[in-house]
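Visitor: This structure is in structure tokens; I'll ask about it shortly.
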Amino acid sequence: MNPFHDLAPPYLELRDRARALAAKCAPLAQRADESDSVDEEVRGLLSGSGLAAIQVPRAYGGHFEQPDSLAVTIVREHLAGESGHLDSLFAMQGIGSYAISVGGSEEIRRQWLPKIATMEAIAALALTEPDVGSDLKALSTTITADGDELVVTGSKSFITNGGDASYYCVLGKEEVDGRTGYSLVLVPAGTPGVSTNRPHQIMAPHVLGDIAFDGARVPAGNRLGLPGKGFALVLATLATFRVSVAGAAIGTAQAALDDALAHTTSREQFGGPLVRLGPVPQLLAMSWTEIEMARAFTYQVAQAAAADAAGNLHFSSMAKVGATEVAGRVVDRSVQVMGRFGLVRGSRIERLYRAARPMRVYEGATEVLLDALSKQLIKGHTS
Ligand SMILES: Cc1cc2nc3c(=O)[nH]c(=O)nc-3n(C[C@H](O)[C@H](O)[C@H](O)COP(=O)(O)OP(=O)(O)OC[C@H]3O[C@@H](n4cnc5c(N)ncnc54)[C@H](O)[C@@H]3O)c2cc1C
């Protein structure tokens, strides 16, 4: 037990439940991690674990008063080491429902959040468009009020759970009092005018879909937050969940180091174990050092985010950048010291290697986060 990772009993209990769930999913991981749709057996195990309840407020069937950044981070750490599919399914229940938790009407909360907690409903957050990624304010999807309805028109792309989600929280432009703002609206998947397809797949297969909204009409009560103020909910979501990507990255790196250590201590070459050869022990020790540094910082930031997510967003960005870059280096070193056995398609180490790469792009690419951090750093220095 590492003395620097003293977690309070409720978090230790969640960590143990996450470990148990990951162990149950291990035999399914190779299949699930190649799937472009939700693996129903993995969904059933996640549902049975009760862990999705930490993604919604207690008043609606959840675990904590509000979704808790530290809890989500710790659970993701232990799920991601075994299966990216499982980690993504768990993570999106929070990322795709937080706007409902903090910005939905009482009716909408009661309708959806208990189902998110039990995995009966699958959540999604639709921001990215075919031509717009990091520069979200350039999006072109429109939301128009028409009597007691909202009309959504546009296209979203690379949406996690796209095609399998029960609803989409959609960000679009809306004219409010003669000015263009950005609004968020919940569109149930079965709404006429909503269609999905799956034109893309990535190196670490993911449940990814593109969604077209062709004048899709929903009741005005499906609005999340205030008209023209949807970005505030998106930012609140990122502030709460960004640090959890660091948790997933640490779990990915730890699993890769575990595999590299197991392999290099058991395989013999040149009359002894690989772990005694040349730079191999130093590479492993460097991976260990980087993981422990990333984990200590991430836990601290996640705890701070649980208390004040918006006030600690810059630290969450640092944790996300730091831990995902560490994961990239650790999986690469681990594959290298495992030689050809690190390259075998479908092996855990090969899945971890592929899973680590997209983490540096989604939920704020490394350079985008560094850009924001550098502005804050320089402003603090010059003001
Ligand atoms: C597995 C996966 C799941 C996803 N799930 C979702 C989802 O559920 N919902 C959703 O809405 N989207 C989702 N996305 C999309 C994701 O949010 C975008 O990929 C991300 O925002 C980056 O946008 P982009 O890919 O268009 O890259 P671009 O915006 O084209 O940027 C490309 C690169 O340019 C550089 N760059 C861009 N802007 C700057 C800047 N300001 N300063 C410095 N460098 C910069 C960075 O290196 C960046 O990686 C997902 C993507 C992936 C890969």
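The values are calculated or read from the model by the stated rules, or taken from the named source; none is laboratory data. Keep in mind that this is a model prediction, so the values were computed, not measured. Backbone-built Cβ (ideal geometry, glycine too); neighbour counts: all protein chains shown. Note: areas computed on protein heavy atoms with side chains; ligands, DNA, RNA excluded. Shrake-Rupley method; radii C 1.70, N 1.55, O 1.52, S 1.80 Å.
Visitor: Once you sort the root eigenvalues of the Cα gyration tensor of region 3-118 as a ≥ b ≥ c, which label holds: rounded (a/c under 1.5), prolate (a/b larger than b/c) or oblate (the other case)?
Guide: oblate
Visitor: Shifting gears a bit: Just to confirm, what accessible area per residue do you get for region 3-118 at 1.4 Å probe, in whole Å²?
Guide: I get 38 Å² per residue for region 3-118.
Visitor: I need the phi-derived Karplus couplings for region 186-197: 6.51 cos²θ - 1.76 cosθ + 1.60, θ = phi - 60°, integer Hz, Gly and Pro marked x.
Guide: 8, 10, x, 4, x, 5, x, x, 9, 9, 10, 8
Visitor: Hey, another quick one. For the chain, what is the percent of antiparallel DSSP beta bridges, rounded to the nearest 5?
Guide: Of those bridges, close to 90 percent are antiparallel.
Visitor: Separate question: How big is the dipole moment of region 246-349 about its Cα centre under a simple scheme where the beta carbon of each Lys and Arg is +1, that of each Asp and Glu is -1, and everything else is neutral? Debye, nearest 20, please.
Guide: I would put it at about 320 debye.
Visitor: Follow-up question, since we're still on this one. May I ask you to derive the FRET efficiency for Glu65 and Glu292 from their Cβ-Cβ distance with R0 = 30 Å, giving the value to the nearest 0.05? Each step should come with its number before you reach the end.
Guide: Values: r = 31 Å, r/R0 = 1.03.
Efficiency for this residue pair is about 0.45.
Visitor: Helix 69-80 against the longest principal axis of the chain: what's the angle in degrees, Cα atoms only, rounded to the nearest 10?
Guide: The angle comes out at about 60 degrees.
Visitor: Can you give me the long-range amide H partners of Leu208? Hydrogens built in the peptide plane at 1.01 Å from N, cutoff under 5 Å, separation of 5 or more residues or another chain.
Guide: Amide H neighbours of Leu208, under 5 Å, 5+ apart: Asn161.
Visitor: Within 10 Å, count the other beta carbons around each residue, average over each peptide in 175-181, 213-219, and list them highest first.
Guide: Working: 175-181: 11.3, 213-219: 17.7.
Highest mean packing first, the order is 213-219, 175-181.
Visitor: Continuing with the same structure: Taking only Cα atoms and a 10 Å spring cutoff, compute GNM fluctuations for the chain and point out the largest among Ala71, Ala220, Ala294.
Guide: The residue with the greatest mean-square fluctuation here is Ala220.
Visitor: Turning to a different aspect of this structure: Taking the Cβ of Val194 as the center, what net charge do the other residues with Cβ under 11 Å away carry, scoring Lys and Arg +1 and Asp and Glu -1?
Guide: My count for the surroundings of Val194 gives +1.
Visitor: What is the percent carbon and sulfur in the accessible area of the chain, measuring with a 1.4 Å probe over the protein chains and ignoring ligands? Please report the intermediate quantities before stating the final value.
Guide: Values: 9300 of 16600 Å².
It is 56 percent, rounded to a whole number.
Visitor: Work out the charge dipole of the chain with +1 on the Cβ of Lys and Arg and -1 on the Cβ of Asp and Glu about the Cα centre, then indicate which of Leu21, Ala123, Val207 is farthest towards its positive end.
Guide: Projecting each Cα onto the dipole axis, the largest value belongs to Leu21.
Visitor: Which distance in nm do the two modelled labels at Gln30 and Ser374 give, with both placed 7 Å along the Cα-to-Cβ direction?
Guide: About 4.4 nm separates the two model spin labels.
Visitor: Additional query: Using a Gaussian network model of the chain whose springs link C-alpha atoms within less than 10 Å, name the residue from Val361, Val321, Val42 with the highest mean-square fluctuation.
Guide: Val361
Visitor: Now a separate question. Amide H to amide H under 5 Å from Ile122: which residues, 5+ apart in sequence or cross-chain, H placed 1.01 Å off N in plane?
Guide: Amide H neighbours of Ile122, under 5 Å, 5+ apart: Ser166, Tyr167.
Visitor: If the reach is capped at under 18 angstrom between alpha carbons, list the aspartates and glutamates near Lys137, excluding any in the same chain fewer than eight residues apart.
Guide: Glu129, Glu174, Glu175, Glu363, Glu367, Asp371
Visitor: Over the chain, with a Gaussian network built from C-alpha contacts below 10 Å, which listed residue (Pro27, Pro114, Pro188) shows the highest mean-square fluctuation?
Guide: Greatest mean-square fluctuation among the candidates belongs to Pro27.
Visitor: Where the centre of each part is set by its Cα atoms, how far does region 93-138 sit from region 142-210, in angstrom?
Guide: Each part's Cα centre sits 10 Å from the other's.
Visitor: Let me ask something else. For Arg354, project a label point 7 Å along Cα to C-beta. Then give me every residue of region 191-209 with its amide nitrogen under 16 Å of that point.
Guide: 200-208
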